[in-house]
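Down below is the structure, laid out as structure tokens.
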Amino acid sequence: MNIRPYERSILDVHGIGEEKAKLFEGLKLRTVGDLLEYFPFRYEDYKLKDLQTAEHDERVTVVGAIHSEPSVRYYGKKKNRLSFRMLVGRLLVTVTFFNRGFLKNQLSLGAEVTVSGKWDRHRMTITGTELHKGVMQQEQTIEPVYSASGTVTSKMLKAAISSALKQFGADLPEPLPEAVRTKYKLLNKQETVQELHHPSGQHAIKQARRRMVYEEFLYFQLKMQLFKKNQREQNSGQSIYIKSEHIHTFTSSLPFPLTNAQQRVIQEVIKDVASPYQMNRLLQGDVGSGKTVVAAACLYGVICEGYQTALMVPTEILAEQHLESLKSWLEPLGKRVELFSGSLKGKRRRELLEELAEGRIDLAVGTHALIQDDVIFKNLGFAITDEQHRFGVNQRRQLRNKGQHADVLFMTATPIPRTLAISVFGDMDVSILDEMPAWRKPIETYWAKHDMLERVLGFVEKELTQGRQAYVICPLIEESEMLDVQNALDVHQILTDYFKDRFHVGLMHGRLTSEEKDQVMESFDQNQTQVLVSTTVVEVGVNVPNATMMVIYDADRFGLAQLHQLRGRVGRGSAQSYCVLLADPKTENGRERMRIMTETNDGFVLSERDLELRGPGDFFGAKQSGLPDFKVADVVHDYRTLEVARQDASALVESNHFWNDPEYSVLRDYLKTTGALDQGKLD
Ligand SMILES: Nc1ncnc2c1ncn2[C@@H]1O[C@H](COP(=O)(O)OP(=O)(O)OP(=O)(O)O)[C@@H](O)[C@H]1O
């Protein structure tokens, strides 16, 4: 069987013997394909630079004559520093090479050399990285640099790849049909690989990289979309057709018009509920974007079709918050809503369970208590989980199985950036509430140092005097929970002394019992407490529209997403709200995060910036992000291409052309070899 060039062993490449092949094994380079797609991670641009215009710290390449006897100074353990003066045009500069003392004997006064390195404009010095005798030929000006390992150098890789290109470059398979390449003006595969290894110029590198990014994402998304298609066809859901007049009844009962985004998402959910396939949809919405209203509309629609529904949330506080809003929206329309949480016990619990099993409760709101074995529905048709990433897969499956394959909508306020929403949840449909209710004012956010506390408290007092309320958040101190509480206790004492009998200061932290927590929240909700000092336990879902002031101690101790969630606890009424970040950040990253918070209220912008600051692996933790390691593509910076590839892949897996036309054979082979066709789980 003739082996396709890509699958040949690298031993078939001239100049690679057993020994070198063993070294390359360390970089997982086993086949010709591995070698040819082992792309440079950066390029040295040796185009000659004019030092008069070069920027400080810029990488430059210059030609000039050696103007002083090169000298070597030895220091530390076997370290040395070679330096000499060099006349570049009319500029006399000092050139320094570290640990290249051996070059000294090759250099002589007056000789012409080409030096590359980092230009220090202030000290007129170049810290050299490359030195060539004479004037370097122009066509070599852009040198690929490969990420090497201990034993395999970039030079070795360059030689091996050039040799493989010469032998097998002409037989490279072309996975992208002509029509696709023309549509997006992409280089063909051969040109792409050639330009990435032997670039003819910066523009050509950009073009070649652009083509490789699209190809990588298309492969990735074909697997995702195929998996999703199989999932959809495999898991039968049930079809519930929600009549539009029910949705209209619900929305016209609200004291406000829905945003376009809310209307769009409701339609997307209704379509999923009607389809025979199982729903697999994530609803993302910034804090206060109106997710719960969307959920209520869909729940109401399903109830009107004669089914029961459920809403599962991670905490008691959130369950009570949601219960309040859902009762206010659904009970006037004749629907019954009940709470099933850990605090429901004894006779009352037995009664409610009985009524649930008899179908006399339309919506059950609760924590994990909802999925206990003795919670039985008569006919659960639709369920929603809030903050879905806090529930495990089997908890969601247990909820789904409380009905006949009930559809489940996952809701999250965590603004996962669009990019990762596509790549990480690629096997899920994603609905994004990217619009805030018109009346919501952006929360004015200030960053203050701790020594400005007096002024900040004056600012808080001004708000309290107008009848408003304030949160004051203290960070958890990792060392010990006792310290966390102490931190909150200290701040509570400071504020109690400061506000004396003018305002009441409440205290909330993780060591309170749930009854105590409810009392504190109740008192704050009823405005019997004007200032609530709390640890981050207040983060999720608390909704007190009269609270307009949020003060966060040691704000730089929190990540952007958490700061955004906390800030979202205010600004829930129509009055202008404020957030003060008390922070003395020690790092540039900390200062950058404070600056970002003062610049935007948009959770998506924040999470994109957070992603840039921390990178996708850290943002999600490399494991659960499910991100493959791409050779060239970057999910953050190339997310527009990722979105295009996702849409193309989603259309391709549904089209006959893809499964039958010869021009898609390379892509089909790929799906076959990676097991995606046998409906295996994505790797
Ligand atoms: N389109 C809208 N116009 C005006 N007010 C709205 C609109 N949608 C929701 N609201 C109101 O805004 C507040 C927040 O709505 P909702 O609880 O649905 O948002 P959320 O995204 O669930 O908030 P959180 O993420 O904090 O739970 C509620 O008081 C709700 O009544």
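Along the positive direction of the dipole of the chain (beta-carbon charges: Lys, Arg +1; Asp, Glu -1; about the Cα centre), which of 234, 106, 318 reaches farthest? Value: 106.
What is the chain's relative contact order, in percent, from Cα pairs under 8 angstrom and six or more apart in sequence?
Relative CO of the chain lands at 13 percent.
Basic side chains Lys and Arg get +1 at the Cβ, acidic Asp and Glu get -1 at the Cβ, and with that the dipole of region 78-208 about its Cα centre reaches some 800 debye. Listed values for region 656-667 are Karplus-derived 3J(HN,Hα) couplings in whole Hz (6.51 cos²θ - 1.76 cosθ + 1.60, θ = phi - 60°), namely 5, 3, 4, 7, 10, 6, x, 5, 9, 4, 5, 5, and x replaces Gly and Pro.
A dipole drawn for the chain from +1 and -1 charges on Cβ atoms has a positive end, and of 509, 467, 332 the residue lying farthest that way is 509. Here the simple spin-label model places points 7 Å from the Cα toward Cβ, and for residue 185 and residue 378 these points are separated by 6.4 nm.
Only beta bridges with both residues in the chain are counted; by DSSP, about 40 percent of them are antiparallel. For region 120-128, 3J(HN,Hα) computed residue by residue from phi via the Karplus equation (6.51, -1.76, 1.60; θ = phi - 60°) reads 9, 5, 6, 9, 6, 10, 10, 8, x Hz, glycine and proline entered as x. Here's how it looks for residue 378: its modeled amide H is under 5 Å from those of 359, which are all 5 or more places away or on a different chain. Positive end of the dipole of the chain (Cβ unit charges, origin at the Cα centre): among 172, 190, 54, the Cα lying farthest that way belongs to 54.
On full extension, the segment bounded by residue 674 and residue 254 gains 146.1 nm, given 0.36 nm per residue less the C-alpha separation. Compute the FRET efficiency between residue 133 and residue 643 as 1/(1 + (r/R0)^6), taking r as their Cβ-Cβ distance and R0 = 45 Å, and round to the nearest 0.05. Efficiency, rounded to the nearest 0.05: 0.35.
For residue 88, nonlocal amide neighbours, meaning residues 5 or more places apart or on other chains whose placed amide H falls under 5 Å from its own, are 93.
Taking 0.36 nm per residue of separation and subtracting the current Cα-Cα distance, fully stretching the chain between residue 22 and residue 106 would add 26.8 nm. Karplus-derived 3J(HN,Hα) values for region 172-180, using 6.51 cos²θ - 1.76 cosθ + 1.60 with θ = phi - 60°, are 4, x, 10, x, 9, x, 3, 4, 5 Hz; glycine and proline are entered as x. Taking amide H atoms as placed 1.01 Å from N in the peptide plane, list the residues 5 or more away in sequence, or in a different chain, whose amide H sits under 5 Å from that of residue 340. HN-HN under 5 Å from residue 340: 365, 366, 367. Full extension of the chain segment joining residue 43 with residue 659 gains 217.9 nm, where the gain is 0.36 nm per residue of separation less the Cα-Cα distance.
Read-outs: derived from the displayed coordinates by stated rules, not from any lab. Bear in mind that the values here come from a model prediction, so they are computed numbers and not experimental data. Note that each Cβ is placed from the backbone with ideal geometry, even for glycine, and that neighbours are counted across all protein chains shown.
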